[in-house]
1. So, counting K/R as plus one and D/E as minus one, what does the shell of residues with Cβ under 13 Å around residue 169 add up to?
2. Give, as a single signed number, the net charge of other residues whose beta carbon lies under 9 Å from the beta carbon of residue 153, with Lys and Arg counted +1 and Asp and Glu -1.
3. For residue 126, what charge total do you get from the other residues with a beta carbon under 13 Å from its beta carbon, if Lys and Arg give +1 and Asp and Glu give -1?
4. For residue 162 and residue 79 in one chain, what is 0.36 nm times their gap in residues minus the Cα-Cα distance, to one decimal in nm?
5. Going 7 Å from the Cα of residue 251 along its beta-carbon direction, which residues of the range 85-112 have the amide nitrogen within less than 18 Å of the resulting point?
6. Based on C-alpha coordinates, I'd like the Rg and Dmax of the range 108-151, in Å.
7. Exposure proxy check: 209, 165 ranked by fewest other beta carbons within 10 Å?
Amino acid sequence: MNSNRLLAFQKYSCGKAQFMDDAMATDRQSSFTVKRILTCCLLASSALAAGCASTTTSKTARTGTEQLLISDAIDRSLSNVRFSDFSGYSVFIEEKYLDSVDKGYLVGSLRHRLLEAGGSVAPAADKADLVLEVRSGGVGTDGQESFIGIPAIGIPGLPIELPEVKIASRDTQMGTAKLGFVCYDAKTGKSLGTGGNSTALTHNNDTYVLGIGPFRSGSVVDQRQRAVGFNGVGGSFMSSPAKVAKRQPVSMMDHNFAEPYAAVPQIATLPSETLTK
């Protein structure tokens, strides 16, 4: 009888163990299924939450900084010319010897300063009192890079080199404008003075310290700050807080010199007059 009880107890133990194994397997399978569902939900939510956007950008062939360097150099070069000598004269600007970049801005600035000084611009040499001949000796930009650190070093016998290490670096871009001037009588062709050359330089510095930057300085930054109130570093995290552009209206007419402009109606009869009649 004891043997029967022992046999029954063993069967009961084996059945209970099998049941527990089956239960644990079911739990593991359920846990795996839950994890799989959660993973799928997470991936699906990530795919739905992620956005896709594209922005089309373009760059001009010449950067704005380059053009500002040249135009500012031209302005500084012209500021060294005494245009007040042309006050009261009709002047023809001879530009056939002028061959440079931004020629349109240079000639336009010449005309502006001539008019500002009290002279007038003649359409042709035979209708002018004087001829102002202008030439360019060099209008353009140059670049220079310098740094403090260790330059790249090649390893003899191996096609590799140790990279350079920059503690501090500076990228400098310089603008140059050298202009020559001579003035002569439009009727006789005789020189009215010795004339001469006027040269001006501008620069823009981008400085980096341990990879942090750019810290900008130079004439371009000064010009932008005077014009609009911020230096225009761009997307760099070193950018200064946004500022409102300064209002500097350009005066186009001296109202003490000319009568205010009176608008003239562009239609013969106004609609209100027609309805009244």
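1. Values: positive: 166, 170; negative: 145, 164, 171, 206.
My count for the surroundings of residue 169 gives -2.
2. Numbers: positive: none; negative: 161, 164.
So the environment of residue 153 carries a net charge of -2.
3. Numbers: positive: 127, 187; negative: 94, 129, 185.
Here the charged neighbours net out to -1.
4. Numbers: separation 83, 0.36 × 83 = 29.88 nm, distance 4.96 nm.
Full-extension gain reported as 24.9 nm.
5. Answer for this model: 112.
6. 20.5, 65
7. Details: 209 14, 165 11.
Listing 209, 165 from fewest to most nearby Cβ atoms yields 165, 209.
Laboratory data are not the source of any read-out in this text; all were calculated from the coordinates shown. Bear in mind the structure is a predicted one, so any value in this text is a computation, not a measurement. Note that each Cβ is placed from the backbone with ideal geometry, even for glycine, and that neighbours are counted across all protein chains shown.
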